[in-house]
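Throughout, read-outs are computed from the coordinates displayed, never taken from laboratory work. Treat the numbers as computed from the prediction; the structure is a model and nothing was measured. FYI the Cβ positions are ideal-geometry reconstructions off the backbone, even for glycines, and counts take in every protein chain you see.
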Ligand SMILES: [Zn+2]
């Protein structure tokens, strides 16, 4: 049975089809900001593993406060990082009254600002808010098979009831990656993504 599953997944992958995952708004915290929000000595408690190895949804939550509104119980994704980063959809930004650029994860210089509230403290984050560039995580073997290179841009057709072709989708290749496409809720809603969905990579 496992063998058959592997063969099916292999055939899907060879066709340039990738599973699409939808990322809800979330935050990554630096160690320092973690201590301010949750108190000295606090650490993240893993609740559920994410598809990318080592990444997890934590039990802890924070509130985000913009000039026009707030979002309660926002997910924190672990483990901690070198700098705090908030990933919002465009709709979130409008509702919160926050201006954020479309960026690749990790590229936060000069990005948007927001207030982050935890049970033990509050941070005035002067930069770190981004709208995440949609992207495909590709392990090296798959990249070789599909002739994809790190940082390459491709088009991906979301194979849904209301199909949309996203242009300029970023390819990210790393040995620790699981083959997945990540889009935000605005993009998922626009394409009527509902449950298990595949995207077709078009070069
Ligand atoms: Zn991702």
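How do 24-33, 146-155 rank on mean C-beta neighbours within 10 Å, highest first?
Values: 24-33: 18.9, 146-155: 13.8.
Packing order, densest peptide first, comes out as 24-33, 146-155.
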query: If the label point is 7 Å along Cα→Cβ of residue 147, which residues in the range 1-18 have backbone nitrogen under 18 Å from it?
result: 13-17
- line: Expressed as a whole-number percentage, the relative contact order of the chain with C-alpha contacts under 8 angstrom and at least six residues apart is 24
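On average over all directions, what projected area in square nanometres does the range 57-203 have, based on the convex hull of its Cα atoms?
On the way: hull surface 38.2 nm².
Across all orientations, the range 57-203 yields a mean hull projection of 9.6 nm².
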- prompt: What 222 nm value per residue comes from the helices of the chain, counting each DSSP H run with n ≥ 4 as -39,500 (n - 2.57) and dividing by all residues, nearest 500 deg cm²/dmol?
  reply: -5500 deg cm²/dmol
- request: Give me the percent of DSSP beta bridges within the chain that run antiparallel, rounded to the nearest 5.
  value: 70
statement: Percent relative contact order for the range 121-203, counting Cα pairs under 8 Å at least six residues apart, stands at 38
field: Ellipsoid semi-axes in whole angstrom, largest first, where each is sqrt(5λ) of the Cα gyration tensor of the range 1-126
entry: 32, 19, 12
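For the peptides 85-96, 114-125, what is the packing order when you average, over each peptide's residues, the other Cβ atoms within 10 Å and list the highest mean first? Please report the intermediate quantities before stating the final value.
On the way: 85-96: 21.0, 114-125: 17.1.
So the order, starting with the most tightly packed, is 85-96, 114-125.
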statement: If one compares the long axis through the Cα atoms of helix 2-14 with the longest principal axis of the Cα atoms of the chain, the angle in degrees, nearest 10, works out at 90
